[in-house]
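Read the structure below first, then the notes.
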Amino acid sequence: MKALTIVPLTKDSTELVEFPEPQEAEGSVLVETIAVGVCGTDIEIISGAYGWAPPGEDRLVLGHESLGRVLSCPEGSGLASGDLVVGIVRTPDPVPCYSCGRGEWDMCRNGQYTEHGIKELHGFCRERYRANPDRLVKVDPTLGILGVLLEPATILAKAWDHVERIGNRVTWEPKTAVITGAGPVGLLGALMGVQRGYQVHVIDQVTSGIKPDLVAEVGATYHTGAIHEAIEEPDVVIECTGVPSLVFDAMEHVGPGGVVCLTGVSSGGRSISVDAGELNRYMVLENEAVVGSVNANATHYEMGAKALAAAEKDWLAKLITRRVPLARWEEAIRRQPDDVKVVIEIGSI
Ligand code: BGC
């Protein structure tokens, strides 16, 4: 079968290769892949900046945002042939640490977790894969291809969940939220903010194209520029770009008792000048919280699935701006100005 692979930390190593069928040892459920989403992490891996191959192997199969169909599964697995499923990206560490031991693998303490298509586990950008039932999430069949948005939705479901838990450490009546970045992650974050009753402001750079419309259609307000120009003292900022200046803009301008959640994994090596004393003073005097958030556990997959189920399907469909067949993968990883979510089609829905 075909699989899209890279040699980790090696630029220009992406190749569609002939790859062995999945082994029984990989899991009791055989899944045919329908589609794989391309995200910023994939682009970083492809650029040679991130990623780990499975131990003893040179190449890593790409793809951690997926949608597949069950081909076969054991009796009593809770799954049936034909079910649409999404593979859970992260597998708990083998020790396990106390977080992984309790199903909170997104909070892994020892860094020995593995991630499909990212860290030491082959990804889903191949025609078939195997997994155990507890590593698969069943998707509402009416979502169809939109099920491929579940994994990015889980990232935002976790971010919102943690933001609200932290905010609710005291009496908290949040009304306004800023989301930085109108890519798929930011747009899904905006959707969930609106669903939670916030007045949501989304900040991005572009002034034309589909993004401002998508923001308006979900019920949020689109801005370019700095956070305080969009709204004074928001209760929540969810930073989805990883751009250092925006990270500090968020910390400087979130409102009293507010929560800033950082979800963008930025690459190092970029310095900016910050008045650290002033920032510290503001954060202390305003009881501000800043939290980083990565990955997602099973509860976030449930939350993400609910958010997608409650969203307008027409709006979700517009997030998928290009569908590219596996054989033409090069087009999928070449960014185009109007891209929101690009998916690689591997099987048919
Ligand atoms: C994925 C997460 C993963 C993170 C870090 C993100 O793109 O969505 O599941 O934990 O990258 O590897």
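Bear in mind these aren't lab numbers, they're just calculated from the coordinates by the rules spelled out. The structure displayed is predicted, hence computed values, not measured ones. With ideal geometry, Cβ positions are generated from the backbone for all residues, glycine too; neighbour counts draw on all protein chains shown.
The table below lists the values:
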{"read-out": "Gain in span if fully extended, R102 to S348, counting 0.36 nm per residue against the direct Cα distance", "value": "84.9 nm"}
{"read-out": "Linear extension gain, D338 paired with E32, 0.36 nm per residue minus alpha-carbon span", "value": "107.2 nm"}
{"read-out": "Contour minus Cα-Cα distance for D213 and E164 (0.36 nm per residue)", "value": "14.9 nm"}
{"read-out": "Gaussian network model of the chain, springs between alpha carbon atoms under 10 Å - residue of P256, P55, P22 with greatest fluctuation", "value": "P55"}
{"read-out": "Calculated [θ] (222 nm, deg cm²/dmol) that DSSP helices of n ≥ 4 give over the chain, each run adding -39,500 (n - 2.57)", "value": "-8000 deg cm²/dmol"}
{"read-out": "15 Å beta-carbon shell around F19, net charge (K/R +1, D/E -1)", "value": "-3"}
{"read-out": "Nitroxide proxy distance, nm - points 7 Å out along Cα→Cβ at V95 and R270", "value": "3.3"}
{"read-out": "Stokes-Einstein translational diffusion, the chain - Kirkwood Rh over all Cα pairs, 1.567 mPa s, 4 °C, in µm²/s", "value": "62"}
{"read-out": "At R0 = 22 Å, FRET efficiency that the Cβ-Cβ distance of E286 and R196 yields, to 0.05", "value": "0.50"}
{"read-out": "GNM top mover of K119, K318, K211 - the chain, alpha-carbon springs below 10 Å", "value": "K318"}
{"read-out": "Qualifying trypsin sites (Lys or Arg not before Pro) in the range 1-72, DSSP loop, other Cβ atoms within 10 Å at most 13", "value": "K11"}
{"read-out": "Rg over Rh [alpha-carbon atoms, Kirkwood Rh] for the range 154-292", "value": "0.94"}
{"read-out": "Overall form of the range 73-121 per C-alpha gyration tensor (a/c, 1.5; a/b vs b/c)", "value": "prolate"}
{"read-out": "Links that overshoot a 26 Å alpha carbon limit, given the list K211/K313; K138/K313; K138/K175", "value": "K138/K175"}
{"read-out": "Max mean-square fluctuation residue, GNM over the chain, Cα-Cα springs under 10 Å, options G87, G304, G257", "value": "G257"}
{"read-out": "In nm, spacing of pseudo-spin labels at A80 and V294 (7 Å Cα→C-beta vector)", "value": "3.9"}
{"read-out": "Cα-Cα pairs of the range 240-322 separated by more than 15 Å (percent)", "value": "70"}
{"read-out": "Charge sum, other residues only, whose C-beta stays under 12 Å from K119's C-beta, Lys/Arg counted +1 and Asp/Glu -1", "value": "-2"}
{"read-out": "Virtual spin-label span in nm between D58 and W315, 7 Å along Cα→Cβ", "value": "4.8"}
{"read-out": "Among 283-290, 42-49, the order from most to least packed when residues are scored by Cβ within 10 Å on average", "value": "42-49, 283-290"}
